[in-house]
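Everything below concerns the one structure shown next.
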Amino acid sequence: MKKTVFVLVLIALLVGTFAVSAQEAQTLTVFAAASLTDAFEEIAPSFEADHPGVEVLFSFGGSSTLATQLAEGAPADVFASANHTQMTVARDAERIAGSPRTFVKNRLVLIVPADNPAGIATLRDLANEGVQLVIAAPDVPVRTYTDTMLQRLAADPAYGEVYSTAVLANVVSEEDNVRQVAAKVALGEADAGIVYISDVTPDISEQVIAIPIPDYLNTIATYPIAVTNDAANPELAQAFVDYVLSDAGQDILVNWNFISVRIPEVPYAVTLPEGNTAFTVDGQVLNPITLTVADLTSSFSAQTVEVAYLSGTDTVSTSFTGVPLWQIISAAQPNLNADVRNDRLSTFIVVTAADGYQAVIAWGEIDPEFGESTDFSGLCREWRTDRRWDGADRLVVPGDARGGRYVSRSRQYQLAGCAGCRTVKPEVREAWR
């Protein structure tokens with residue numbers, strides 16, 4: 001009789017344990033852009049280790065496809081898109097809870113097969129007759145970023161509309177997601193493709209050659225993430241989002257060649273480059289650079305501008321030839337906060353001369369989206385009939401009536417954000433309305 005009781009008690013304990021385990025076991029479904037495949041598959045085990053009983057299931061694909069699936073009612077707990085446009089599609093379909101967070105950034109790169117049959121060496125070669133180019137389909141985020149890059153190339157006198165038209169004429173295939181673009185190039189089914197740098201993964205790195213795109217022409221991709229409005233366990237879904245945004249999650253993403261959204265503090269101290277022929281662009285940028293006059297000549301498109309300004313009581317009328325400041329700052333790839341509306345409008349550039357003289361340029365003064373198309377602020381050599389400087393000698397601000405911001409021997413351009421602009425208390429903001 002005692003053995004029977006023991007067996008019954010043991011069965012009861014096992015049933016109870018199974019019931020508890022079944023109750024604790026949870027599945028978290030994450031819809032994620034195809035470019036996130038490797039990084040998220042590394043994040044999942046770490047997240048699962050911190051949340052026993054949880055299994056993360058992924059559905060990877062083109063963000064446009066995933067957003068459409070969400071709009072049609074597909075079940076998911078988290079959506080990680082490769083751009084804000086497709087996140088907006090999901091939000092407009094009322095599938096997103098709360099405000100999405102930008103969790104990582106990326107940049108474009110040109111890839112060609114390892115044997116490079118078309119002999120492509122630079123971005124310029126994409127316009128060569130007969131090149132077979134593969135890109136993503138319209139509405140796929142990487143295609144949107146590619147189109148933005150082509151628009152910049154069309155506006156650049158060194159390339160122009162003819163170049164952009166020739167490149168698009170060479171497109172032989174448009175793929176559903178960026179990983180399919182990378183796969184076609186790796187298999188030698190195309191001469192070139194435009195993907196994210198994170199897509200040059202170890203499994204194809206020996207099959208392709210990555211050719212950098214000039215930074216001032218490149219496009220920084222921003223990826224938002226959000227919990228869906230009908231997540232089975234909203235707290236768990238939010239925990240996944242928080243993990244992706246944590247230092248641990250960011251480190252994994254960076255390891256897969258993504259760009260972290262962490263914005264470091266800009267130091268107050270200004271460090272000028274050594275020597276008198278170079279200058280730096282640093283601060284709140286992703287790609288700090290040091291340039292010489294030779295770099296300006298070889299890597300950027302020069303323009304000439306006629307100016308007139310007051311120097312003391314005298315009016316100076318002259319011309320300058322140099323590189324637009326917008327191109328130089330873009331080459332350093334400003335690290336802006338995509339979750340702050342028009343963050344760039346609270347960003348400024350502190351220009352420092354070799355003797356410590358400083359002036360400030362607001363972002364909105366040089367950004368083509370905000371300034372007049374005829375405005376030009378740039379780093380120039382000055383050409384006059386009576387004298388000539390042979391170096392990248394000064395900042396020129398043609399719209400200024402006085403020459404105070406014509407910073408001679410400018411050596412350092414530091415980007416910083418207006419942190420104070422982001423600390424307005426809600427009650428004060430309401431009082432202003």
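Observations on the model:
- Filter pass, residue 351 being at pLDDT 80 or above, out of contact with any Gly (no Cβ under 8 Å at 6 or more places or on another chain) and not hydroxyl-bearing (Ser, Thr, Tyr): yes
- Taking the criterion of being without any contact (Cβ under 8 Å) to a residue 60 or more places away in the chain, in a helix (DSSP H, G or I) and more than 20 Å from the chain's Cα centre (by Cα), the residues of the stretch 126-154 that qualify are 127, 154.
- The criterion of at least 1 residues that are surrounded by fewer than 22 Cβ atoms within 10 Å (Cβ to Cβ) and out of contact with any Cys (no Cβ under 9 Å at 6 or more places or on another chain) is met, among strands (runs of 3 or more DSSP E) falling completely within the stretch 173-273, by 208-211, 220-228.
- Lone unmet requirement of (1) closer than 30 Å to residue 255 by Cα; (2) at pLDDT 95 or above; (3) aliphatic (A, V, I, L, M) for residue 167: (1)
- Residues (assigned to a loop (DSSP other than H, G, I, E, B) and either at pLDDT below 95 or not β-branched (Val, Ile, Thr) (or both)) located in the stretch 83-125: 83, 93, 94, 95, 114, 115, 116, 117, 118, 119, 121, 122
- The lone criterion from (1) closer than 24 Å to residue 258 by Cβ; (2) open to solvent by less than 20 Å² (accessible area, probe 1.4 Å) left unmet by residue 96 is number (2).
- Within the stretch 290-313, the only residue that satisfies the criterion of being in a strand (DSSP E or B), surrounded by 13 or more Cβ atoms within 10 Å (Cβ to Cβ) and without any contact (Cβ under 8 Å) to a residue 60 or more places away in the chain is 290.
- Looking across the stretch 37-79, the residues that are outside any helix (DSSP H, G or I) and among the aliphatic types (A, V, I, L, M) come down to 54, 56, 57, 74, 76, 78.
- Exactly one residue out of 316, 323 is closer than 25 Å to residue 149 by Cα, touching a residue at least 24 places away in the same chain (Cβ under 8 Å), of a type in the set (Val, Ile, Thr) and assigned to a strand (DSSP E or B), and it is 323.
- Listed conditions (1) at pLDDT 95 or above; (2) buried (at least 22 other Cβ atoms within 10 Å of the Cβ) are all met by residue 62, apart from (1).
- Selection count, the stretch 337-372, where residues are surrounded by fewer than 14 Cβ atoms within 10 Å (Cβ to Cβ), aliphatic (A, V, I, L, M) and not in a strand (DSSP E or B): 0
The values are calculated or read from the model by the stated rules, or taken from the named source; none is laboratory data. Here the structure is a predicted model, which means the values were calculated and not measured. All Cβ positions, glycine included, derive from the backbone under ideal geometry; neighbour counts span all protein chains shown. Heavy atoms of the whole protein, side chains included, go into the accessibility calculation; ligands, DNA and RNA do not. Shrake-Rupley method; radii C 1.70, N 1.55, O 1.52, S 1.80 Å.
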